[in-house]
Amino acid sequence: MMNAARSTDSGLAGPGELDRYPYAEVPGPERSAASWEGGDSDLGRAVRRPSSNRGRGLHGQLVQQLGQMIVSGDLGADRPLVPEEIGQRFEVSRTVVRESLRVLEAKGLVSARPNVGTRVRPVSDWNLLDPDIIEWRAFGPQREDQRRELGELRWTIEPLAARLAAGHGREDAQQRLADMVEIMGHALGQGDLMTFSRADAEFHGLLIQLAGNRMLEHLSGIVSAALQVSGGPATGCDRPNETSLAHHARIIDTLAEGDGAAAEHAMRQLLTAHPEVERVVPGPREQH
């Protein structure tokens, strides 16, 4: 078990402070017959939550802890992150510390330079599209900015994806989307928010994949992260109701009709059907 002790100047978490950053595990819901297991393996591949560092022992725990402390501002660029000190504070080996810092460096959170040491990098250098950073920001003081930015990003990505998807008349994919709506409807009737949100995330990921644009497909994990951020509402369909369900069903209808303009419009209706998103939807410019 990884422990930590705070010194007066280290900035690292002390005893009992590791759970200051609640990173809730998302339990897997029981899945109905129309589940998202099986089916087209290619369709299922792109909509899974990108692998994070959860459940990877001390290495994963340290990445998680340091990442959240950096994103929250508890660790800043005012002093270097000394590997030996981190190892002592958290009672982990130098190898664990070194590998954890490498992961954080790959995410743009820290940089290691000779004669300078390892320091936190400015926010402008962070990989803000990394699903782990998305979730870490959702817990910290930047959570409102995170929600707004995710909403704006989805407003840009998903209507275009819906328009493109309407030109790819894959019945198997459309059936998969219909299965997700069926699961969402059942979950809505049972008041099962977790199952609804998981099916919702898969619906949106599948739709992006169906667009047939590899660069858009690369962003499907970001949309899934936006919909599955724990610790607070994400922009999108986080408050299931009959209206959002009807909008999802309408999107499927437009895809079946091959009507790209209608599919784009239906997606915009879905994204603006929730108060959390209405705030970020670009409004008309004032005329001067």
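For the reader, a short list of remarks on this structure follows.
- Where helices (runs of 4 or more DSSP H) fall entirely within the stretch 207-288, those with at least 3 residues that are at pLDDT below 85 are at 220-228, 275-278.
So that you can scan it fast, the table gives a plain yes or no per residue for (1) touching a residue at least 24 places away in the same chain (Cβ under 8 Å); (2) in a helix (DSSP H, G or I); (3) open to solvent by 70 Å² or more (accessible area, probe 1.4 Å); (4) at positive phi:
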site: Glu144; (1), (2), (3), (4): no, yes, yes, no
site: Arg147; (1), (2), (3), (4): yes, yes, no, no
site: Gly151; (1), (2), (3), (4): yes, yes, no, no
site: Ile157; (1), (2), (3), (4): yes, yes, no, no
site: Ala162; (1), (2), (3), (4): yes, yes, no, no
site: Ala173; (1), (2), (3), (4): yes, yes, no, no
site: Ala178; (1), (2), (3), (4): yes, yes, no, no
site: Val181; (1), (2), (3), (4): yes, yes, no, no
site: Gly189; (1), (2), (3), (4): no, yes, no, no
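- Selection within the stretch 56-90 - in contact (Cβ under 8 Å) with a residue 40 or more places away in the chain, open to solvent by 60 Å² or more (accessible area, probe 1.4 Å) and touching a helix residue (DSSP H, G or I) at 6+ places or on another chain (Cβ under 9 Å): Leu58, Gln61, Asp74
- When Ile70, Ile157, Ile133, Ile86 are checked against the criterion of being within 26 Å of Ala266 (Cα to Cα) and hydrophobic (A, V, I, L, M, F, W, C), Ile157 stands alone in meeting it.
- The conditions of being among the polar types (S, T, N, Q) and either part of a helix (DSSP H, G or I) or under 26 Å from Glu264 (Cβ atoms) (or both) are not met by Thr118.
- Scan of the stretch 129-179 for residues that are aromatic (Phe, Trp, Tyr) and over 21 Å from Thr272 (Cβ atoms), ordered by number: Trp136, Phe139
- Residues (open to solvent by 20 Å² or more (accessible area, probe 1.4 Å) and either β-branched (Val, Ile, Thr) or touching a residue at least 40 places away in the same chain (Cβ under 8 Å) (or both)) located in the stretch 191-215: Asp192, Leu193, Met194, Ser197, Arg198, Gln209, Gly212, Asn213
- Selection count where residues are open to solvent by 70 Å² or more (accessible area, probe 1.4 Å), among the aliphatic types (A, V, I, L, M) and in a helix (DSSP H, G or I), scope the stretch 121-142: 0
- Those residues of the stretch 156-193 which are touching a Leu at 6+ places or on another chain (Cβ under 9 Å), over 10 Å from Leu210 (Cα atoms) and modelled with pLDDT under 90, in sequence order: Asp172
The values are calculated or read from the model by the stated rules, or taken from the named source; none is laboratory data. All values reported here derive from a predicted model rather than from experimental measurement. Don't worry about glycine lacking a Cβ; one is built from the backbone with ideal geometry, like all the others, and counts go over all protein chains shown. What goes into the accessible areas is simple: the full protein's heavy atoms, side chains included, and nothing from ligands, DNA or RNA. Shrake-Rupley method; radii C 1.70, N 1.55, O 1.52, S 1.80 Å.
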